[in-house]
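S.K.: I have a structure here, written as structure tokens, and I will follow up with some questions on it.
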């Protein structure tokens, strides 16, 4: 019976579903688009979007791992992009990026501390900060876009912060790969990762074993804010401009990517590579709709359907594996 | 035992969860006016058997007869309507509702005004107040108080009172005295004995063998989803009872004891 | 007769009072009105401002009451803004074919279907409502985009003058009709919640679903009821809005899900389920909308409004939670 071999695999690797979906989508998209989807330029674009969305999804996955949720990442993304662009023309871009990422981490810390110290549901707190920082982003830009003049975009800092490509792929992907490796190491081989998943699995049990639940949660929120900020910097570096609505609805895409990637919203079970694959699938679909000149509006509709169907699919796959 | 005709008759009951064989051909009779202790180790199948009786699980094979009639549909609501009540430590009362509202939850009395069913607050309050007084809740607890304010023993008392008030015929108590103080435990056990004497069938699940040996008329022991012993409580000493549970079945126990 | 050692239950009256949900909202509204009066008397206490606030607060209140029902059942509905928009678009678009009355019914049917589909996915699919309604938020918004293609639609003159349009969008004694509809819904829903078996079961399902199920309550049906009612209320809010201003745009109702959750939470609904107040939700809506108008009156850029709602939301949720714990609730 083949299922005997597959079931334990599915049970341990929640990302199997998304890997299958990605392979299938790549095949279908390649076959049906007559080269418009599967060409070097388009794949490069998809990977750039995957990089920024993927960084955000990694952070959200960590928060989901602790059994909480962060829906403020889209606003964090926008704030970081604006801070980066505003500073980059005044000081060295590397310093600007550092400040922007630190701001992202600060927003994450704000969320985490409020949630952990007051015991308030994370959905509400991060909903609050979604609104606070979105309003701030629009107010700071007063409705206009801020940008870096094209001639000033040069030097290594710009290059490495999403401003250019190597081998046809945006440098943002390097950051995504680095984040994935570091976080995977932390999650698998450090006590922190063990504690993070323990908190998500059962707060009481983790607490009774002496895990500092609050600290663990706060750290997850900080990393989440930090990664969302980094995503914002890379996106700003690529576009060279940003307005107050930058990153809107991206929090929803990031959550969708995590769910697609096999992260359980109840906490305790996440897959980092799955979350990135989820981001890849979402950006592939978006790009497919564009190259096939389908109205881009369909993406919003599809995204909604995909979220629910993916959640259902992940759930039934897991149920089957556990039976 | 008050009558020859069993109130609940379980015959050759099998239950599978996927490939897991949770209940293995269990047959057992329960009579009205009887206090049956159901014991066994964790995972022995006690709670699973009970969940079939109160309609949460439907059996894979075998029959359940209630009051002489074969049960074909299994649903908690049907079980409650038939007068089978389950009392568990953790569930049964909603913290956020008043005692009166909890009392009638699921079968609220209504007064129709313009055809719209409104809750009959007077009836809910009067009846639940009378019951909590009869069952010995302290005087400063009112039926309008939220359950959240009650202690563990008081909660069990409300549940038992509710079971009696609705003219139940079967009272299943699943570890009813866990986490209770000594006095509260005695009170709950006294109430259970009273109910038996009023003619109810009481099925009492516990890990506390010495307690159930004192209380029960009959003891049913389960192990690995099977019934391994079914005996009058006074036909077996406490030591023998413990030995059976420890060694899992009479055969082993015989080798050991003789 | 008391069998157990007596614990003191006697608590100060004020603490008893605080056990009721919605007390925080009333405290909040008083504080807000005092603050607004002190800051800016002339801008706030004018007929024009108050009438605008009442109008939009009534519309948000319709959404917030639906959200409150869902939150009380321990779920959440993120799709109300899109359902509001989609019902509104249906109402306006179908008018040409079905007339005003028919379009209104069509809009309500669309809203009901939105609620039903999501409820089924939550209850039968066993998925977290956050994910399902997140999907709904996208999907229904997507339908609006695809359907209208981004175009603006409106009513012709005779439809604007139709008696049904006037009934939902007009005025009575100089007060917007929306306000009266909101009061009617508030009265009916409060009765349903506190004085009918359904309400009792809804509170029980949110408070402790497992216990409710052991009492024979069909918690899945109760939750479905809450979701469908929430979507229908969102549809009603859409109709009431568009009967007054019969023009749609694709962003109609965006961010309303956030505002409605904010209003419900400010009004004392606890996300832990089983506790909440419809009056509180209405007051919460009033607070949210008042902030918008006060900021406009103060001449702040409109984007600050979002920031303020966020701050008020966080303060309200922390305060309400603290209040509930202080009053002795286990949340």
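The values are calculated or read from the model by the stated rules, or taken from the named source; none is laboratory data. What you are looking at is a predicted structure, and each value in this text was computed from that prediction instead of being measured. Positions of Cβ are generated from backbone atoms using ideal geometry, with glycine treated the same way; all protein chains shown enter the neighbour counts.
S.K.: Residue check, residue B:78 against (1) at pLDDT 85 or above; (2) at the interface with chain C (Cβ under 10 Å from one of its Cβ atoms); (3) more than 27 Å from residue B:149 (Cβ to Cβ), all met but one. Which one?
M.R.: Of the numbered conditions (1) at pLDDT 85 or above; (2) at the interface with chain C (Cβ under 10 Å from one of its Cβ atoms); (3) more than 27 Å from residue B:149 (Cβ to Cβ), the odd one out for residue B:78 is (1).
S.K.: Can you tell me which of (1) touching a residue at least 60 places away in the same chain (Cβ under 8 Å); (2) surrounded by fewer than 24 Cβ atoms within 10 Å (Cβ to Cβ) is the one residue A:99 doesn't meet?
M.R.: Looking at each condition in turn, residue A:99 falls short on (1).
S.K.: Which of the following residues is under 18 Å from the mean Cα position of the chain (by Cα) and either assigned to a helix (DSSP H, G or I) or under 22 Å from residue A:9 (Cα atoms) (or both): A:245, A:284?
M.R.: Answer to the check: A:284.
S.K.: Starting from residues that are touching a residue at least 24 places away in the same chain (Cβ under 8 Å) and within 7 Å of chain A (Cβ to nearest Cβ), keep the ones in segment C:311-321 and report whichever is surrounded by the fewest Cβ atoms within 10 Å (Cβ to Cβ).
M.R.: So, considering only residues that are touching a residue at least 24 places away in the same chain (Cβ under 8 Å) and within 7 Å of chain A (Cβ to nearest Cβ), the one surrounded by the fewest Cβ atoms within 10 Å (Cβ to Cβ) is C:321.
S.K.: If you don't mind, there's one more thing I want to ask. If residue B:176 satisfies every condition in (1) at pLDDT 85 or above; (2) in contact with a strand residue (DSSP E or B) (Cβ under 6 Å, 6 or more places away or on another chain) but one, which is the exception?
M.R.: (1)
S.K.: So which of C:275, C:201 ends up being within 11 Å of chain B (Cβ to nearest Cβ) and closer than 21 Å to residue C:28 by Cα?
M.R.: Exactly one of C:275, C:201 is within 11 Å of chain B (Cβ to nearest Cβ) and closer than 21 Å to residue C:28 by Cα, namely C:275.
S.K.: Would you list the helices (runs of 4 or more DSSP H) that sit entirely within segment A:1-75 and hold 1 or more residues that are touching a strand residue (DSSP E or B) at 6+ places or on another chain (Cβ under 8 Å)?
M.R.: Filter on segment A:1-75 gives A:40-65.
S.K.: Just to verify a result, which residue in segment B:86-108, among those that are more than 9 Å from chain C (Cβ to nearest Cβ) and in contact with a helix residue (DSSP H, G or I) (Cβ under 6 Å, 6 or more places away or on another chain), is modelled with the lowest pLDDT?
M.R.: It comes out as B:87.
S.K.: In segment A:142-186, which residues are touching a helix residue (DSSP H, G or I) at 6+ places or on another chain (Cβ under 8 Å), part of a helix (DSSP H, G or I) and at pLDDT below 85?
M.R.: A:155, A:157, A:158, A:160, A:161, A:162, A:163, A:172
S.K.: Any idea which residue in segment B:128-152 is farthest from the chain's Cα centre (by Cα), counting only those that are surrounded by fewer than 18 Cβ atoms within 10 Å (Cβ to Cβ) and more than 10 Å from chain C (Cβ to nearest Cβ)?
M.R.: Going through the qualifying residues, I end up with B:144.
S.K.: Further, regarding this structure: Conditions first: (1) under 30 Å from residue A:318 (Cβ atoms); (2) part of a helix (DSSP H, G or I). Residue C:77 passes all but one, so which condition is the exception?
M.R.: Failed condition: (2).
S.K.: Let me ask something else about it. Any chance you could count how many residues in segment A:107-128 are closer than 17 Å to residue C:306 by Cα and either in contact with a strand residue (DSSP E or B) (Cβ under 7 Å, 6 or more places away or on another chain) or not in a helix (DSSP H, G or I) (or both)?
M.R.: Selection size over segment A:107-128: 0.
S.K.: Could you identify the single residue in A:96, A:206 that is closer than 28 Å to residue C:74 by Cα and more than 14 Å from chain C (Cβ to nearest Cβ)?
M.R.: On inspection, the qualifying residue turns out to be A:206.
S.K.: Step by step: first the residues of segment B:159-170, then only those that are within 15 Å of residue B:101 (Cβ to Cβ) and touching a helix residue (DSSP H, G or I) at 6+ places or on another chain (Cβ under 6 Å), then the one that is nearest to the other protein chains (Cβ to nearest Cβ). Which residue is that?
M.R.: Checking each candidate, the answer is B:162.
S.K.: Here's a follow-up. Out of all the residues in segment C:295-314, is one or more more than 27 Å from residue A:243 (Cβ to Cβ), within 20 Å of the chain's Cα centre (by Cα) and assigned to a helix (DSSP H, G or I)?
M.R.: Within segment C:295-314 (the criterion being more than 27 Å from residue A:243 (Cβ to Cβ), within 20 Å of the chain's Cα centre (by Cα) and assigned to a helix (DSSP H, G or I)), the answer is no, since none of the residues qualifies.
S.K.: Among the residues of segment C:253-263, is any within 11 Å of chain A (Cβ to nearest Cβ), in a loop (DSSP other than H, G, I, E, B) and closer than 30 Å to residue C:89 by Cα?
M.R.: yes
S.K.: OK, next. So if I check each of A:259, A:305, which one is without any contact (Cβ under 8 Å) to a residue 24 or more places away in the chain and either outside any loop (DSSP other than H, G, I, E, B) or under 26 Å from residue A:233 (Cα atoms) (or both)?
M.R.: None of the other options fit; the residue is A:305.
S.K.: May I pose another question? Among the residues of segment C:322-331, which ones are crowded, with 19+ Cβ neighbours inside 10 Å and facing another protein chain (nearest Cβ under 7 Å)?
M.R.: C:329
S.K.: Count, please, the residues in segment A:205-242 that happen to be crowded, with 24+ Cβ neighbours inside 10 Å and out of contact with any helix residue (DSSP H, G or I) (no Cβ under 9 Å at 6 or more places or on another chain).
M.R.: 0
S.K.: Based on this model, can you work out whether residue C:290 counts as at the interface with chain A (Cβ under 10 Å from one of its Cβ atoms) and touching a helix residue (DSSP H, G or I) at 6+ places or on another chain (Cβ under 9 Å)?
M.R.: no
S.K.: Could you check segment C:82-200 for helices (runs of 4 or more DSSP H) lying wholly inside it with 2 or more residues that are free of Cβ contacts under 8 Å to residues at least 40 places away in the same chain and within 30 Å of residue B:118 (Cα to Cα)?
M.R.: Fully inside segment C:82-200 and qualifying: C:177-195.
S.K.: Of all the residues that make up segment A:295-323, how many are surrounded by fewer than 16 Cβ atoms within 10 Å (Cβ to Cβ), out of contact with any strand residue (DSSP E or B) (no Cβ under 9 Å at 6 or more places or on another chain) and more than 10 Å from chain C (Cβ to nearest Cβ)?
M.R.: Number satisfying all stated conditions: 2.
S.K.: What residue, among those in segment C:204-220 that are in contact (Cβ under 8 Å) with a residue 12 or more places away in the chain and not in a loop (DSSP other than H, G, I, E, B), is farthest from the other protein chains (Cβ to nearest Cβ)?
M.R.: C:220
S.K.: Right, next: Inspect segment C:164-181 for any residue being surrounded by fewer than 19 Cβ atoms within 10 Å (Cβ to Cβ), under 20 Å from the mean Cα position of the chain (by Cα) and more than 21 Å from residue B:80 (Cα to Cα) and give the result as yes or no.
M.R.: Looking for residues that are surrounded by fewer than 19 Cβ atoms within 10 Å (Cβ to Cβ), under 20 Å from the mean Cα position of the chain (by Cα) and more than 21 Å from residue B:80 (Cα to Cα), one finds at least one in segment C:164-181, hence yes.
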